[in-house]
1. Pull up region A:433-449, narrow it to residues that are open to solvent by 30 Å² or more (accessible area, probe 1.4 Å) and among the charged types (D, E, K, R), then point me to the one that is modelled with the highest pLDDT.
2. Looking at region A:23-42, is at least one residue open to solvent by 30 Å² or more (accessible area, probe 1.4 Å), in contact (Cβ under 8 Å) with a residue 60 or more places away in the chain, in contact with a Lys or Arg (Cβ under 7 Å, 6 or more places away or on another chain) and not in a strand (DSSP E or B)?
3. Using the structure shown, decide if A:ILE62 is more than 19 Å from A:PHE634 (Cβ to Cβ), within 16 Å of RNA strand B (Cβ to nearest atom) and either open to solvent by less than 20 Å² (accessible area, probe 1.4 Å) or among the acidic types (Asp, Glu) (or both).
4. Can you say whether A:PRO356 is surrounded by fewer than 18 Cβ atoms within 10 Å (Cβ to Cβ), over 24 Å from the mean Cα position of the chain (by Cα), part of a strand (DSSP E or B) and within 16 Å of RNA strand B (Cβ to nearest atom), as far as the supplied structure shows?
5. Give region A:653-667 a look and list any residue that's over 15 Å from A:ASN580 (Cα atoms) and surrounded by 20 or more Cβ atoms within 10 Å (Cβ to Cβ), or say none.
6. Can you confirm whether region A:191-206 contains a residue that is open to solvent by less than 20 Å² (accessible area, probe 1.4 Å) and touching a Cys at 6+ places or on another chain (Cβ under 7 Å)?
7. Regarding region A:294-316, can at least one residue be identified that is surrounded by fewer than 17 Cβ atoms within 10 Å (Cβ to Cβ), away from RNA strand B (no atom under 15 Å from the Cβ), free of Cβ contacts under 8 Å to residues at least 60 places away in the same chain and aliphatic (A, V, I, L, M)?
8. Looking at A:ASP327 and the list (1) in contact with an Asp or Glu (Cβ under 9 Å, 6 or more places away or on another chain); (2) over 24 Å from A:ASN199 (Cα atoms); (3) open to solvent by 30 Å² or more (accessible area, probe 1.4 Å), which single condition is not satisfied?
Amino acid sequence: MIDEIPKQYNPKDTEDKWYKFWEENNLFAAKTNPVKKPYTIVIPPPNVTGILHMGHALNNTIQDILIRYQRMKGLEALWMPGTDHAGIATQNVVEKAIAKEGLKRQDLGREKFIERVWAWKEQYGSTIIRQLKKLGASCDWKRERFTMDEEYSEAVKDAFVMLWKKGLIYQDDKIINWCPRCQTALSDEEAPHRELQGNLYYLKYPFKDNPDEFIVVATTRPETMLGDTAVAVNPKDKRYKKLAGKTLILPLINREIKIISDTIVDMQFGTGAVKVTPAHDPNDYSLGKKHHLEFIKVMHPDARMNENAGDYQNMDRLEAREVILEDLKEKGLLEKVELHPLSAGHCYRCHTIIEPYLSRQWFVKMASLAKPAIEAVKKGKIKFHPQRWTKVYLNWMENIQDWCISRQIWWGHRIPIWYCLDCKNAAMASVETPVKCIKCGSTNIEQDRDVLDTWFSSWLWPFATFKSKEDLRYFYPTSSLVTAPEIIFFWVARMIMAGLEFQNKIPFKDVYIHGTVRDIEGKKMSKSLGNIIDPLEIINEYGADALRFSLISITAQGQDVYLSKERFEQGRNFANKIWNASRFILMNLDTAQIKTDLCVFFKKEGLSLTNRWILSRFYSTLKDVEKSLGNYQFNEAANLLYGFFWHEFCDWYLEIIKADIQNPHNQMVMYKILEKSLRAMHPFMPFITEELWQRLSASEDSSIMIQSWPHIQGDIIDLKSERIMAEVLEIITGIRNMRLELDIPPQADNIAAKIFIPHNHKKEVVESFTEQIKSLARLKQLTILSEYKRASGEFASVVKDAHIVIPLFGVIDLEKHKEKISSKINKAEAEINAKEKMLGDKNFLKRAPREIVEKEQEKLKNLKERVQKLKGVRDALK
RNA sequence: GGGCGAUUAGCUCAGUUGGUUAGAGCGUCUGAUUUACAUUCAGAAGGUCAGGGGUUCAAGUCCUCUAUCGCCCACCA
């Protein structure tokens, strides 16, 4: 048998094998089951363009732990998988691909191009799915969805039309975020602000009636001056009071523009006079509307200057900026340039600087959608973990802006709006492609050319992924959503709104927001920084279980993770430890005996103390693990299992029973604990636990995946050291309000006890502790067993008839404790002296304000009281 | 300008109703091991828990102020 089990665990021998086994036996599948309660998670659908990175690895490991745990707990656990069509991202990828053939998407035309995208998707779109399988994700793959599936597209259209009918969708000319590279509008969330080191340019605009006089305006984007149609000043500003209504000559363009006055102008900023470019700035836009100014666009959609830009036509915006500045300088119209840090929106797909751009787009009115979504969270129907994200969510929701949903790209859900070319301006929304205009009956109709924001389909994900009503009724609302903080606004908030709007139900009950995976220097992992640790490489080198375990054990709830490769050694070592402990047990297990005794449950009295101890530790660990998992403290749960299995079960229990390993009780207990530990560790490390469970298992053709989570045996008390140490401490400090439960009867004068301490300590330390316990607990006899005795050979025999087993992690040092209190007293007394001296000083009393004196007197009083108390404790110690 | 997080051992970090002598992993040093595992075992060194003030018998933990770093949000031209 020994020959069969290698000394080292090799993940490559097991992982793919068991994954295949699970899939072939359909163990991931969930179906409506009237006798079971459902537990549902929908995966945050990765982009089809995605490849697995550490963020995915963390995100999906957490989901898999939850799913596997709940499945073992007896719930009908469904993990719904799928991918997102990721409009802009995917289009960019395919555009790059065809660029290698020297083609642009316009060369192919819309239909051909979309065909190419689909072809690309067929070929590469399931990369990330394969990678998730490598990780061990137990998704119900037969339900895999794609946000451009036919049924899904129907749901998107339905949602659009429903909103349209309620009047929540409208078209308008607004200043939106425009990405000149992707050539599309973006929502506010898609254009995050980044700090830039920019300049503030002071430009001189001459007056029409006196070209030698100027008004000076400050701007960070001088190229937009070509589109200026006014200069605004604050009516309260004395400097400019008389100038309102005067006419200026816009340099370079020589257009006449007026000085207008508006209270919105900040007098403190720049010169207090601001150039107004209504077509290229959101503030200026509203000024333009209010004052009926002209809207002059000076750029093409690709951010080259257009025909309104005079001599600068066709220059790129940044090139034009330089030339314009040169020209102004030459004319003496550039007063000065100051360094000015500013923040500008950047495209979240290609990082190009966003251009605020005036264009006609489709919007969703958000206020009425947000209202119930705010309520749901405020009333606690949906909970965020960690809680602090609630505030972030509410803050965003309460200041929500209308959502720009149209994108000028080709890959995506085409907006289900048709225009009648005969009776102009009539737009109609329809799920089915209409045949004729509903107003004039003309068949001369055309569909809107834009597509919807990708997130307009993702926000339906928790319900649009269910094909049958039966499934929807059973699995929706889902249970938990596990995701990263970056997409709270993009996705989480919008799903809550969509769930309530379209299903009239919240989409999930719990939202667990985990941290961001960063490199060891705290930078976000990204391709461009070259600091990526590739999860697949880690799986290859250390195994998926090691990756999962390490990742989980270092991720404190919701905190960012700083990752380096060495971190995965811990997981690999743990896997190896589990492997070898199992190997040892398998080598020494009398399987025949285990099989016949399987149904026999021991009475606790019949078990040796060692066995009772390890059982108590196992169940108490299990209890803590369940508690941690219930609170989304995955690292805690993982580390509890790690500590128990390695440092208690292996280092102590197995070492102790080695001497008497054929004892039937020892056989049974070591078997039980191993088998149950494997089950408890399975959600974290699915592959190795399956492999070992199979080797250990009496029943064949089954899987650890579908075993039940171990039950906590209630009759076994935890024999941890806390209680006795609490007693000791209580006596020492004389503090009575500590909770006290002692295994030794309080009046134990006649009881002899042997205490087993499964940790190594110096001989003197153990002996001094022995004496303390003996006198404090009033025990007649007491023997402490410890590592130094194990080495000397007495170990096994003494353990056998010990009365109490205490894993001892420390020993109270009375002297040290006294010292600590004394030093506190000294410190406080010194302070009292100082204060008394100060308060005795006549000068101080005369000059200091009365409040200060009173405050000091108060402090002195407190200090004196404190010293009294401390002295009381000190005396009690004597 | 608002909001949030972090500050604990040489390094990376845990520490959720305040309560043993503040822990883990890695690193360093010392020692052990023919007999499951060197991806092992035992031990040592290393901390005024960022700083000040407060509440408490008791504070890393609660309150308050300050400092440094990081993140998010915001229409400062």
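The values are calculated or read from the model by the stated rules, or taken from the named source; none is laboratory data. Given the structure is predicted, the values throughout are model-derived calculations rather than measurements. Using ideal geometry, Cβ is built from the backbone for each residue, glycine included, and neighbour counts are taken over all protein chains shown. Each accessible area value is taken on the protein alone, full model and side chains, heavy atoms only, with ligands, DNA and RNA left out. Shrake-Rupley method; radii C 1.70, N 1.55, O 1.52, S 1.80 Å.
1. Here the residue is A:ARG449.
2. Checked region A:23-42: at least one residue is open to solvent by 30 Å² or more (accessible area, probe 1.4 Å), in contact (Cβ under 8 Å) with a residue 60 or more places away in the chain, in contact with a Lys or Arg (Cβ under 7 Å, 6 or more places away or on another chain) and not in a strand (DSSP E or B).
3. Here the answer is no, as A:ILE62 does not meet what is asked.
4. no
5. A:ILE656, A:ILE657, A:ASN666, A:GLN667
6. yes
7. Scanning region A:294-316, I find no residue that is surrounded by fewer than 17 Cβ atoms within 10 Å (Cβ to Cβ), away from RNA strand B (no atom under 15 Å from the Cβ), free of Cβ contacts under 8 Å to residues at least 60 places away in the same chain and aliphatic (A, V, I, L, M), so the answer is no.
8. The one condition A:ASP327 does not meet is (2).
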